[in-house]
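Enquirer: I have a structure here, written as structure tokens, and I will follow up with some questions on it.
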Amino acid sequence: MRRKANCYPEGQLGTLSLTSSLTLPKVALGMTEVDAAGSSLLASVGATVRQLRVARKISVTDLAKQADVSRRMLTAIEGGTANASLVTLDKVARALGVDFSALVRPPSDSAVELVGGGEAATVWRGLAEESAGRVFTTTRSRGRAEMWDWSLGPGDRYGAEPDPAGSEELLAVSAGTLVLSVDGRTHSVPAGSVAKIATDRPYSYVNDSDEVVRFVRIVVINAP
């Protein structure tokens, strides 16, 4: 998803704080502060940018030009010392031919990926203490996405036929515990957690509890 530079009032553009949900001692990082887990994530993002750049045989100077950022900023990003704005990292990601989220959390190759609320990467902090933006996962599929609001009553289930190769779904559970059945294996996804599943195989949603399960379902049918 692309972020527009005019989403914030002038002077209040969000920055990539890259802090985790953990409460850890804070360390200074330039003009900002991030916690220890945040600085580790900054280093991870920088390493990912450098890895992608080297794999594509692009120099720092050329990538900076393609992304319309300064060479100094790009060097700082790769070194894990820059609290770059989301817009800046989005430009770098597009210049590398990937989505922003791939820099923060590279796509998983497993058929099922489960991400708890505490495992999401917080990549933006606002002026208010409660303001935050978190990345749970990302997909490899390149098709159009559909968003569904879904619920399963006690004891109910939904069985699906396989989608085209490479298709995926993202599921965010808001109430109850959803049980996924994929490739003959079951996975429990409690409220507040997210799952990504490969849907180019038979799969089912199951509610084996006595309460309603509610979740948002994003279906991405891979384009041929």
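Enquirer: Which one of Gly116, Gly46 is under 30 Å from Tyr205 (Cβ atoms), small (Gly, Ala, Ser) and not assigned by TED's automatic domain parsing to the domain that holds Leu178?
Expert: Details: Gly46 fails: under 30 Å from Tyr205 (Cβ atoms).
Just a single option satisfies the conditions, and that option is Gly116.
Enquirer: Report yes if Leu152 is over 17 Å from the mean Cα position of the chain (by Cα) and in the same structural domain as Ser85 (by TED's automatic domain parsing), otherwise no.
Expert: Criteria not met by Leu152.
Enquirer: Ok, one more. Which is under 28 Å from Leu170 (Cβ atoms) and modelled with pLDDT of 90 or more, of Gln66, Gln51? Show your work before the answer.
Expert: Values: Gln66 fails: under 28 Å from Leu170 (Cβ atoms).
Step by step, each of Gln66, Gln51 is checked, and only Gln51 is under 28 Å from Leu170 (Cβ atoms) and modelled with pLDDT of 90 or more.
Enquirer: Next question. Taking the conditions exactly as written (modelled with pLDDT of 90 or more and within 26 Å of Val87 (Cβ to Cβ)), does Val194 satisfy them or not?
Expert: It is true that Val194 is modelled with pLDDT of 90 or more and within 26 Å of Val87 (Cβ to Cβ).
Enquirer: Arg71 passes all but one of (1) at positive phi; (2) at pLDDT 90 or above; (3) not β-branched (Val, Ile, Thr); which number fails?
Expert: Every listed condition holds for Arg71 apart from (1).
Enquirer: Looking only at the stretch 115-151, count how many residues are in contact (Cβ under 8 Å) with a residue 12 or more places away in the chain, in a strand (DSSP E or B), small (Gly, Ala, Ser) and touching a Ser or Thr at 6+ places or on another chain (Cβ under 9 Å).
Expert: Total meeting the criteria: 3.
Enquirer: Given the conditions (1) in contact (Cβ under 8 Å) with a residue 60 or more places away in the chain; (2) farther than 22 Å from Glu146 by Cα, report the number of the one that Ala195 does not fulfil.
Expert: (2)
Enquirer: Would you point out which residue out of Ser141, Ser110, Ser131 is under 26 Å from Gly184 (Cα atoms) and over 15 Å from the mean Cα position of the chain (by Cα)?
Expert: Just a single option satisfies the conditions, and that option is Ser110.
Enquirer: Next question, about the same structure. Which of (1) in the same structural domain as Leu89 (by TED's automatic domain parsing); (2) of a type in the set (A, V, I, L, M, F, W, C); (3) surrounded by 18 or more Cβ atoms within 10 Å (Cβ to Cβ) is the odd one out, the single condition Leu170 does not satisfy?
Expert: Single failed check for Leu170: (1).
Enquirer: If you don't mind, another one. Residues of the stretch 68-114 being part of a strand (DSSP E or B) and of a type in the set (Val, Ile, Thr), which ones?
Expert: Our first condition is that a residue be part of a strand (DSSP E or B); within the stretch 68-114, this holds for 85, 112-114.
Answer for the stretch 68-114, where residues must be part of a strand (DSSP E or B) and of a type in the set (Val, Ile, Thr): just Val112.
Enquirer: Further question: Tell me the strands (runs of 3 or more DSSP E) entirely within the stretch 160-224 that contain at least 2 residues that are of a type in the set (D, E, K, R).
Expert: 168-175, 213-220
Enquirer: If you take the residues in the stretch 113-128 that are surrounded by 18 or more Cβ atoms within 10 Å (Cβ to Cβ) and either modelled with pLDDT of 80 or more or of a type outside the set (Gly, Ala, Ser) (or both), which one is farthest from the chain's Cα centre (by Cα)?
Expert: The qualifying residue farthest from the chain's Cα centre (by Cα) is Arg125.
Enquirer: Output the residues belonging to the stretch 172-186 that are at pLDDT below 95 and closer than 19 Å to Phe136 by Cβ.
Expert: Within the stretch 172-186, Val182 is the sole residue that qualifies.
The values are calculated or read from the model by the stated rules, or taken from the named source; none is laboratory data. Quick caveat, the model's predicted, so the values are computed rather than measured. Don't worry about glycine lacking a Cβ; one is built from the backbone with ideal geometry, like all the others, and counts go over all protein chains shown.
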